[in-house]
1. Stick to the Cα atoms of segment 9-226, pair each with every other, and give me the Kirkwood hydrodynamic radius in Å at one decimal.
2. May I ask you to compute the full-extension gain from R73 to E88, defined as 0.36 nm times their residue separation minus their alpha-carbon distance, rounded to one decimal in nm?
3. May I ask you to derive the FRET efficiency for T290 and R340 from their Cβ-Cβ distance with R0 = 25 Å, giving the value to the nearest 0.05?
4. Express the Stokes-Einstein translational diffusion coefficient of segment 293-369 in µm² s⁻¹, to the nearest whole number, given a Kirkwood radius over alpha-carbon pairs, 10 °C and a viscosity of 1.306 mPa s.
5. If you take all C-alpha pairs in segment 244-343, what percent of them are over 18 Å apart?
6. Quick one: work out Rg over Rh on the C-alpha atoms of segment 1-106, Rh as Kirkwood radius.
7. Just subtract the alpha-carbon distance of R363 and E234 from 0.36 nm times their residue separation and send over the number in nm, one decimal.
8. Along the principal axes of its C-alpha atoms, what lengths does the chain span, in descending order and rounded to whole Å?
Amino acid sequence: MTAPRLEIDLSRIHHNVRTLVGRLDPLGISVTGVTKATLGSPEVAREMVLAGVTSIGESRIENIEAMRLADLRTTMTLIRSPMPSQVERVVASADISLNTEFDVIDALSAAAGRQHRRHGIVLMVELGDLREGILAEDLSSMVGRTLDLDHLDLCGIGANLACQSGIAPDATNMAVLSSLADSLEARFAITLPLISGGNSANLRWALSGADVGRVDDLRLGESILLGRDPLDREPIDGLHTDAITLVAEVIESNRKPVRPWGEVHQNAFGMTARPDMTARPELPGEGDATRAQVIVALGRQDVDPDGLVVPDGLHVLGASSDHLVLAAHRDGTPVGTELRFGLDYSAMVRAMTSPFVTREFLRATPDAGPSRPAPDLRPGGSRACAPPG
């Protein structure tokens, strides 16, 4: 079997989606399943839809196009602000896009007119994390200008927190989002069917028993794929944290000196380590002259080595472009042995996007209960957005 490879257990992803949908549905919150970390995998997207997400969120139009070619039938939302150079492609393949710039929105309207389509717009609001978002004092003007454009539907407003500055969603900033939705509806005599509160970092707030206000949708990726809370990377109760595993092959197994020798300069990635600072008490063999060392055919071209969860008895010593060097508690790991690594979000994204890491889709555990049928919602309908659920 080819290595390195990602083993993706679709049944565990299905379980995670069903569990989160089941917890959020009583609160009136639907789930947009985010596939960007999987490079827009049609297999993962289809499993999310079958398990109950109401739409798919993706950051790259190329991935949305690939999912359309794979005949994935559901609402598609471009969750990164569209590039002006891609507005024609965005309108052709995405039902909805998240936006902050009027010039882009205007170009989307023109592209939709040329294609005889309607396109949905969600205006993103800045709530403190300082990534994308319109300042609250500028939002009303942006809404007015957007409503004046043809070929667009203003679906709602949204926010994103915790990605850039680590600002947590809480009762205060989520209440601001709800208040803005109420005031916009009153001022412009409109209905905003979609209030997209944020990402997996919102789960702690949403499930805390707090008043969720107008928030009726969350864009969930990391919690579905890794079963963890992005605020602290702790496991979320009841979710699988091993739906995605990285498998790599041992290409050298030997005993080597504990410390390097010779004149020290920068390594391949510009880092310098003095030999007298390489000792780490937690590593096997510290204090000895030699220790068991294993090299795996996996490098920084394939994965973020700092985001790996290594098998018991092994510790990461370092990584170059193509080699992952591990210290072992015992000798005797044969060359050709496959080792299985857990992943954090950074490591998963790097592995998913590496052309040298293959994917194997598994169904190791049975599905539980009936699934929601996939809705047939392709671009070009009479209305670009509708209430979630």
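Since every read-out is calculated from the coordinates, none of them should be taken as a lab result. These numbers were taken from a predicted model, which means no experiment stands behind them. Here the Cβ is made from the backbone with ideal geometry for all residues, glycine too, and neighbour counts use every protein chain on show.
1. It works out to 17.3 Å.
2. Length gained, R73 through E88: 3.4 nm.
3. Efficiency for this residue pair is about 0.40.
4. In µm²/s, the coefficient is 116.
5. 47
6. 1.02
7. Between R363 and E234, full extension yields an extra 44.0 nm.
8. Principal axes ranked by extent give 77, 44, 42 Å for the Cα atoms.
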